[in-house]
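One structure is given below, encoded as structure tokens.
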Amino acid sequence: MAEQSSAYGRVRTSNGAVQVADGARDRSDRGTPSTKPLTVSLVIPVKNEARNIAWVLEQVTDEISEVILVDGNSTDATVITARRYRPDIKVVAQEGTGKGSALRTGFLAATGDIIVMMDADGSMAPAEITHYLHFLANGYDFVKGSRFIPGGGSLDITPFRWLGNRFLLGVFNTLYRAELTDLCYGFCAFHRRYLEVLALSATGFEIEAEMVVRSMQGGLRVAEVPSLELPRRAGKSNLNSVRDGIRVLRTVLRSHRSGVSGHVVQSVRKTVHARDRVRSTA
């Protein structure tokens, strides 16, 4: 993992499988650069987050073109509160159950060139989104937050969760010959045109790992940016460290055994870019 300095602090960029795939392909498959400003969709899954969602929405900056709230059948005032603080918010009903299902619902509803995903519990600061957008506008395809590089950190992680994350990260880095520093963290952003590349199917918290796996397999340029994880502002998390950790491990192992390689995904990716180029010249 190479580390670079920027106006936004320090960023780690993936080499290994990602950089090899990136260097091996024709750069033309990235599409024609556009002078139009990129539009940004912020996807936030929620379920009974009435005491937290106002804090999150108050901090969303003008960089965000649309906010999509994916409601998992909340029984409190989450949706009412969200509409009060953000009248233009797009509320969509979650299809299926689990965080993965909620995110996939939101991704399909998004219309922006870039999709940013973050939690509704106040543990992630919207002010950090500008760092993600900087790298997506400068050649990167998928940007994920890391609590474990200089400038990042966590005020919430327990020793047990830290050990679990390190174990899962070690398995991932070994299997995929990567040097990432954080795996189970759901503050990510990517170009919407890569949804077909990611081909997401996870229904639970393991979707965060699935996205990283598919990005690596697809040869996307991946960057990690520092992120500070804050304590949940109110309420109780739905995360179960043991159950969801096992699901993450299964996702990492199953995807590696499946042999879904860059050769398959890259063909889809090139089709996506070709379609984008046709649209941009129409």
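The values are calculated or read from the model by the stated rules, or taken from the named source; none is laboratory data. Everything numeric here is computed off the predicted structure, so don't read it as measured data. Cβ: placed from backbone, ideal geometry, glycine included. Neighbour counts: every protein chain shown.
Listing for the model above:
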quantity	calculated
Counted residues, segment 72-108 - those being among the hydrophobic types (A, V, I, L, M, F, W, C) and crowded, with 19+ Cβ neighbours inside 10 Å	5
Among residues of segment 171-194, those that are among the hydroxyl-bearing types (Ser, Thr, Tyr), outside any helix (DSSP H, G or I) and either under 19 Å from Leu133 (Cα atoms) or in contact with a Cys (Cβ under 7 Å, 6 or more places away or on another chain) (or both), counted	1
Meets criteria (among the hydrophobic types (A, V, I, L, M, F, W, C), surrounded by fewer than 16 Cβ atoms within 10 Å (Cβ to Cβ) and more than 14 Å from the chain's Cα centre (by Cα)) for Leu163	yes
Qualifying residue in segment 135-155 (condition: within 17 Å of Gly218 (Cβ to Cβ), of a type in the set (A, V, I, L, M) and crowded, with 21+ Cβ neighbours inside 10 Å)	yes
Test result for Glu224, within 24 Å of Ile114 (Cβ to Cβ), in contact with a Ser or Thr (Cβ under 7 Å, 6 or more places away or on another chain), part of a strand (DSSP E or B) and of a type in the set (D, E, K, R)	yes
Test: Leu168 is assigned to a helix (DSSP H, G or I) and farther than 22 Å from Thr78 by Cα	yes
3 or more residues among the β-branched types (Val, Ile, Thr) and at pLDDT 95 or above: qualifying helices (runs of 4 or more DSSP H) within segment 76-140	78-85
Yes/no for Asp88 being under 23 Å from Ala202 (Cβ atoms), among the charged types (D, E, K, R) and touching a strand residue (DSSP E or B) at 6+ places or on another chain (Cβ under 9 Å)	no
Qualifying positions in segment 191-209 - under 16 Å from Asp244 (Cβ atoms) and either of a type outside the set (Ser, Thr, Tyr) or surrounded by 22 or more Cβ atoms within 10 Å (Cβ to Cβ) (or both)	Ala202, Gly204, Phe205, Glu206, Ile207, Glu208, Ala209
Subset of segment 195-221 that is in a loop (DSSP other than H, G, I, E, B) and of a type in the set (S, T, N, Q) - its residue that is farthest from Phe160 (Cα to Cα)	Ser201
